[in-house]
Amino acid sequence: MKGRIIDFSMSFGGKQRITLELDSDFREGYEALKDAVLEIVIKKWRAKRSNDANKYFHLLVNEIAAARGISDDQVKIDLVTQYGTYARDDDGMIVGFKLPASVDVSTIYPYTRMYKEVEENGKLFKCYLVYKQTRLMDTKEFSHLIDGAVQVAQELNIDTDTPERASWWESLKGEK
């Protein structure tokens, strides 16, 4: 939900009070939650990525896949694990996991990068870092991913600077 902090004050009992102004209607939410103990998370709002940005990214993925002779899915996985954003839990910790070395991680989740192998009780395990799915990235994160895709495409001599791209790309960068 998008909004702004309007006021901050301290009560005589040492409690802190924040007044928020919301851009959408919260009346039903208020009625449902007014007497409940809540977990409060306030973070800087970022615009979701645009459909144009999504289309451009997938166009680049298609072109890179054709130039490399590999699947679009593999190109997307390569780009996300090279230029994407780590998945994080609610406390901001990077998400990761370990699997027996015999397990193919791609059958579980595609956007991972192995960072080490460990042996426990004579059995080999691989440890992975997890990256966000592109649909979960905000504008800044997705912009970085597109910048990486553009770089890869240019290294393959793929034209990346179309007139359509130039106009919306500049407006998109202004949303960061």
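Observations on the model:
- Residue in the range 7-31 that is farthest from the chain's Cα centre (by Cα), counting only those that are surrounded by 10 or more Cβ atoms within 10 Å (Cβ to Cβ) and of a type in the set (A, V, I, L, M, F, W, C): I18
- Complete set of residues in the range 73-102 that are of a type in the set (S, T, Y) and part of a helix (DSSP H, G or I): T81, Y83
- From the options I42, I70, residue that is modelled with pLDDT under 90, out of contact with any helix residue (DSSP H, G or I) (no Cβ under 7 Å at 6 or more places or on another chain) and among the hydrophobic types (A, V, I, L, M, F, W, C): I42
- Qualifying positions in the range 22-37 - in a loop (DSSP other than H, G, I, E, B) and either over 20 Å from I6 (Cα atoms) or of a type in the set (F, W, Y) (or both): F26, D35, A36, V37
- Positions within the range 110-153 being assigned to a strand (DSSP E or B) and closer than 22 Å to V61 by Cβ, in sequence order: T112, R113, L129, V130, Y131, D138
- None of I40, I70, I64, I18 is assigned to a loop (DSSP other than H, G, I, E, B) and either touching a strand residue (DSSP E or B) at 6+ places or on another chain (Cβ under 8 Å) or under 20 Å from T160 (Cβ atoms) (or both) except I70.
The values are calculated or read from the model by the stated rules, or taken from the named source; none is laboratory data. Note that the coordinates shown come from a computational prediction; the quantities given were computed from them, not determined experimentally. Here the Cβ is made from the backbone with ideal geometry for all residues, glycine too, and neighbour counts use every protein chain on show.
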